[in-house]
Amino acid sequence: MIYDQKVKIRCNPKNKKHYLEKGYDVPKTGEYFFVSVHDLLPSTSELVKCKCDICGRDFYRKFCYLREIHACSDECVQELRERTIFNKYKCKNIGQSKELNVHKKEKLANTKYEKNLVKTSKNQKHLCELFYGILNYPIGDYNVDIALINEQIVIEYDGKGHFEWIKDEIKELNRENYIVNKGFKLIRIESRSDILLNDSDMIKLVNFAKYLNKKKVYINLEDKRIAYYDSYSFEEIL
């Protein structure tokens, strides 16, 4: 709070017109006079008396440095910041807010999709075209390889590069569960050699996986198996 007070200021060419319009008897340039704190220009550098909105102590500060909230020290500024964050996010540190972190991740995923920033393999692009999907579509926090929106299906392709850099299986499992919990069926195609079958066979395998009554289905091209809890050999399908 800023106390109601008179402030002694010096007349200069920059403020003379302002105070004349306010009705003050303005002296010659360089001379001092008193004005109400309510009439001060925002750029006024004179000290004014305030009461801290946080701890209630009186303090003096240059008028041009005052803001809507008046805090007397860095500690009070920090307390105000923590109060504001807590009221909005129910935590003291903005980095602890799950709500805000989720929002940031979702925004990043959308930006990557819109600006085509996700690295994509040749086989991913081919499968996307084969199944008329959407490449690197954002679902919540993640950009999925191929999304078949109308069917609520996500196809993930794991080639040689995937097995070289994926080290945290827990994170990969969390990603799968997140996609499934968003209402999508997940079909994961695995090929450590980065070799796909011919288009006709790929379509048959994926179509078979689509109609299995399971939320997650894995197609392993090396082992020639489709698995979830039970497994099917390719010979049973092709």
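Radius of gyration (Cα atoms) of the chain, expressed as a multiple of 2.2 N^0.38 Å: 1.85.
The 3J(HN,Hα) values that the Karplus relation (6.51, -1.76, 1.60; θ = phi - 60°) gives for region 211-220 are, in residue order, 8, 6, 7, 9, 6, 10, 10, 10, 10, 9 Hz. Gly and Pro appear as x.
Amide H contacts of residue 158: 189, 190, 191, each under 5 Å away and 5 or more positions distant or on a separate chain (H built 1.01 Å from N in the peptide plane; Pro and chain starts excluded).
With the Cα gyration tensor of region 106-180 giving a ≥ b ≥ c as the square roots of its eigenvalues, does the rule (a/c under 1.5 for rounded; else a/b larger than b/c for prolate; else oblate) give rounded, prolate or oblate? Rounded is the answer for region 106-180, as its axis ratio a/c remains below 1.5. Couplings 3J(HN,Hα) of region 49-55, computed from phi: 8, 10, 10, 4, 6, 9, 9 Hz, in residue order, whole Hz [Karplus 6.51 cos²θ - 1.76 cosθ + 1.60, θ = phi - 60°; x for Gly and Pro]. Here the mean projected area of the convex hull built on the C-alpha positions of region 116-236 is 7.4 nm². Taking amide hydrogens as placed 1.01 Å from N in the peptide plane, the amide H of residue 54 sits under 5 Å from those of 72, each at least 5 positions away in sequence or on another chain. Run the helix sum for the chain: -39,500 (n - 2.57) per DSSP H stretch of 4+ residues, divided by residue count, reported at 222 nm to the nearest 500 deg cm²/dmol. It comes out at -10000 deg cm²/dmol, rounded to the nearest 500.
Bear in mind these aren't lab numbers, they're just calculated from the coordinates by the rules spelled out. No experiment lies behind these values; they were computed from the predicted model shown.
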